[in-house]
Amino acid sequence: NAGVTQTPKFQVLKTGQSMTLQCAQDMNHNSMYWYRQDPGMGLRLIYYSASEGTTDKGEVPNGYNVSRLNKREFSLRLESAAPSQTSVYFCASSEALGDATYGYTFGSGTRLTVV
Amino acid sequence: GEDVEQSLFLSVREGDSSVINCTYTDSSSTYLYWYKQEPGAGLQLLTYIFSNMDMKQDQRLTVLLNKKDKHLSLRIADTQTGDSAIYFCAESGGGGNKLTFGTGTQLKVEL
């Protein structure tokens, strides 16, 4: 099925370990996003990529890096994981920033626990 | 910056109507959205409304927009247990800005 695919679905890390969350979309969308979801705080934007070759910081970028590998793929890297990064991470894509007609398409999320 | 606020919880009985409210601060918002998140899943777009509209109806869903008060609501008629989920309000500013999401309202439907 067409959509946004995130891997892995679950991950447990020790403090200080690094990992990369992968995201791929097959809808030929230009824009891609990484959000984290924490109880009572909604979705907070970590980084986004308006188009292939560009990335920008969102609301909570500290401790993360991203790579827009090509039009399809947008990865999120935690260089040295901290317990405060325990969260559910969502990747999303859209035709363009603020696309109205179809909004954003979300992946099913990665549940990350840092111990 | 933009801010979108929602109450955290709402509980209704099956068959009743649910009204989920949202307030936003960006007066240049062009579109406003409602997303639904079921347990263990990502967000799915339910509906959206253009800022020059007051109301939009789509089957059991009615969206009301009060632009003067920057207030958006989602009414679900004849609420069913399958409507139990978290509902997020979101807005996009003028000029193609990215979406800003609210905190989400957890709707619980009781028998």
Next on the checklist: Kirkwood Rh and Cα-based Rg: tell me the resulting Rg over Rh for the protein assembly as shown, rounded to two decimals.
Outcome noted: 0.97
Item to check | Semi-axes of the equivalent ellipsoid for chain A, Cα gyration tensor, largest first, Å | outcome: 23, 14, 13
Checklist entry - Say the dipole of chain B comes from +1 at the beta carbon of Lys and Arg and -1 at that of Asp and Glu; which of B:S28, B:S73, B:G40 then lies farthest toward its positive end? => result B:S28
Checklist entry - Once you put a point 7 Å from the Cα of B:Q59 and another 7 Å from the Cα of A:R44, both along the Cβ direction, what distance in nm separates them? => result 3.5 nm
Next on the checklist: I need the phi-derived Karplus couplings for the stretch B:44-53: 6.51 cos²θ - 1.76 cosθ + 1.60, θ = phi - 60°, integer Hz, Gly and Pro marked x.
Outcome noted: 10, 5, 8, 6, 9, 9, 7, 5, 8, 9
Checklist outcome for this item: Applied in sequence order to the stretch B:36-43, the curve 6.51 cos²θ - 1.76 cosθ + 1.60 (Karplus, θ = phi - 60°) yields integer Hz couplings, x standing for Gly and Pro, of 10, 10, 7, x, x, 10, x, 7
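Per-residue Cβ counts within 10 Å, from other chains only, averaged over B:26-32: what number is that? Don't skip to the answer; put the middle values down first.
Numbers: counts 0, 0, 0, 1, 2, 5, 1.
Counting Cβ atoms of other protein chains within 10 Å of each residue's Cβ and averaging gives 1.
Could you give the length gained on full extension between B:E5 and B:K68, defined as 0.36 nm per residue of separation minus the Cα-Cα distance, in nm? Intermediate results must be reported in sequence, preceding the final value.
Working: separation 63, 0.36 × 63 = 22.68 nm, distance 1.61 nm.
Result: 21.1 nm gained on full extension.
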Checklist entry - Using alpha-carbon pairs under 8 Å, 6+ residues apart, how would you state the relative contact order of chain B in percent? => result 38 percent
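What average count of beta carbons from other chains do you get within 10 Å of the Cβ of residues in A:84-96?
Working: counts 0, 0, 0, 0, 2, 0, 3, 1, 4, 0, 3, 0, 2.
For peptide A:84-96, the averaged partner shielding equals 1.
Over chain A, what is the mean sequence separation of C-alpha contacts under 8 Å (at least six apart), divided by residue count, expressed as relative contact order in percent?
On the way: 296 pairs, mean separation 41.1, N = 115.
With pairs under 8 Å counted, the relative contact order is 36 percent.
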Checklist entry - What spacing in nm lies between the two simple spin-label points modelled at B:T25 and A:A82, each 7 Å away from Cα in the Cβ direction? => result 2.4 nm
Next on the checklist: Residue by residue through A:104-110, how many Cβ atoms from other chains fall within 10 Å of the Cβ on average?
Outcome noted: 5
Checklist entry - Each residue of the stretch A:28-44 in turn: what ³J(HN,Hα) in whole Hz from Karplus with 6.51, -1.76, 1.60 and θ = phi - 60°, glycine and Pro shown as x? => result 6, 6, 7, 10, 9, 9, 10, 10, 10, 10, 10, x, x, 10, x, 9, 10
Checklist outcome for this item: Descending packing, highest mean Cβ count within 10 Å first, for B:39-50, A:3-14, A:103-114 is A:103-114, B:39-50, A:3-14
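Computed from the coordinates by the stated procedures, all read-outs in this text should not be read as laboratory data. Since the structure is predicted, the reported quantities are computational estimates derived from the model, not experimental observations. Cβ coordinates were reconstructed from backbone atoms using ideal geometry, including for glycine residues, and neighbour counts include every protein chain displayed.
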